[in-house]
Amino acid sequence: MRTYDIILKKRGGQPLSDEEIGWFVEGYTNGSIPDYQASALLMAIWFRGMDEHETALLTDRMAHSGDMVDLSAIPGVKVDKHSTGGVGDKTTLIVGPIVAACGVPVAKMSGRGLGHTGGTIDKLESIPGLCTSVSRERFFEIVRETGLAVIGQTGNIAPADKKLYALRDVTATVDNLSLIASSIMSKKLAAGSDAILLDVKTGSGAFMKTLDDSIALAKAMVSIGERNGRRTAALITDMDIPLGHAIGNSLEVIEAVETLRGRGPADLTEVCLQLASNMLFLAGKGEIAACRAAAEAALAGGEAFQKLCAMAAAQGGDISVLESTEKFAKSPAVHAVQAPRGGRITRMQTEQIGEVSVVLGAGRENKDDLIDPRAGLILYKKTGDAVAPGETLAVLHTARPEALPRAERLLLGAVEIADAPPAPHRLIYARVTRDGVELL
Ligand code: URA
């Protein structure tokens, strides 16, 4: 078999055989296929697409390129959640504790921030002392003891995806349905949970900008999960507006704690309750309405907040910052951005708002950049809100005062203020299961 022939075949729009896909994944992972040929094949896939069978096979081969975690040593139905990435998306920090407080174990491997989107591991590491790289044995032990652990991906979970994702990131081949679906689902299958809830973001801050594309991605991933014997469902949730008010690592942990204490923003609280209810449903805890009631009770009774503290303590974190969030370290420079005119906020370019947080130090411009856990921004106004001229739109937090003018320009360029009210927005658009698409 020659990589050249595989590239030529896909370039011509033909489906690849199981052997060709397997050979490519193995060869690229072990280094026998060079980056330039893998890039050419990825670009051919980007233009020509893959059918359902090719996508399922690519996922399977990428999942099996490393360890397949066996979670059977942890009793109960283990349920995982994955977000396709967004701005201000701190839902794992809230949903994981709610679900665990309802008696469903969550053994979760999460990622770091990527481009304009944040990552749960970076957020958790803003809790002093908290360790996200623990041994497999300790990971299992924490889940057995507390019902919840969130750690980083170990080196050998879907190594093919790790290499391919890095290549896609620099060859403009990220935003392809088959490549995204196989990338996400290979990691989810390898991570070993029995059930998977996908939070597929849609809108200006998401990889998928339109509802149709988001639904198509959700359908592809649900089908891959179900074909592999995992109960899988997806919610299509809004990412046209940042979620909550806080963007940046410790700022988001503080907002997650506020939400777990019943004082969080309404949009974030609602999305978290819906995600938690659907995870409980997938774990067999009853009908959605009963699951929602259980999730609300775990939030209102404080058990979910206690779960976050128990998990953080078990992972070595200083939970005094969760109990008194004013103890989190603060950025040396804080700057308020004011509205240049009055009116209503009609639109937010959410991807660009994510970039503001990166400029302030909360994310990485390059893979090996160090992030500043204190940096980020708090949005005081979001789409739909009325603003007066000079009123505060957002407060920027940074240790890089020289970055403030650029961050302010980017933020002002991302917020559209007009006289007309904006088009109404939904928080949750649809639920996708093996039975089809339910518009909500
Ligand atoms: N997240 C992933 O893990 N992979 C993708 O391709 C896109 C988002």
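Quick notes on this one:
- In terms of its C-alpha gyration tensor, region 210-302 has an oblate overall shape, because the principal axis ratio a/c (a ≥ b ≥ c, square roots of the eigenvalues) is not below 1.5 and a/b does not outweigh b/c.
- Accessible area of region 1-128 belonging to carbon and sulfur atoms, whole % at 1.4 Å probe: 52 percent
- For region 360-405, applying the loop criterion from DSSP together with a ceiling of 11 other beta carbons within 10 Å to the GluC sites (Glu not before Pro) yields 365.
- Beyond 28 Å in Cα-Cα separation lie the following of the pairs 90/209; 9/81; 330/382; 9/209: 9/81; 9/209.
- Loop-resident sites, region 1-79, for trypsin sites (Lys or Arg not before Pro), counting at most 10 other Cβ within 10 Å (DSSP): 2
- Helical contribution to [θ] at 222 nm, DSSP H n ≥ 4, -39,500 (n - 2.57), averaged over the chain, rounded to 500: -14000 deg cm²/dmol
- What a 1.4 Å probe finds exposed on region 193-321 is 54% carbon and sulfur by accessible area, rounded to a whole percent.
- For the residue pairs 163/201; 162/188; 123/188, alpha carbon separations beyond 18 Å are given by 163/201; 123/188.
- The portion of the accessible surface of region 385-436 made up by carbon and sulfur, rounded to a whole percent, is 54 (1.4 Å probe; DNA, RNA and ligands excluded).
- Region 360-407: trypsin sites (Lys or Arg not before Pro) falling in loop per DSSP and having at most 14 other Cβ within 10 Å: 367
- Fraction of beta bridges assigned by DSSP in the chain that are antiparallel (%, nearest 5): 60 percent
- Mean accessible surface per residue for region 219-369, computed with a 1.4 Å probe while every protein chain stays in place, in Å²: 38 Å²
- Solvent-accessible area per residue in region 92-216 equals 29 Å², computed with a 1.4 angstrom probe and all protein chains kept.
- Averaged per residue, region 375-414 has 43 square angstrom of accessible surface, using a 1.4 angstrom probe with ligands and nucleic acids left out.
The values are calculated or read from the model by the stated rules, or taken from the named source; none is laboratory data. Model, not experiment: these values are computed from the prediction. Every residue, glycine among them, receives a Cβ derived from its backbone with ideal geometry; neighbour counts consider all protein chains shown. Ligands, DNA and RNA are excluded from the accessible area calculation, which covers all protein heavy atoms including side chains. Shrake-Rupley method; radii C 1.70, N 1.55, O 1.52, S 1.80 Å.
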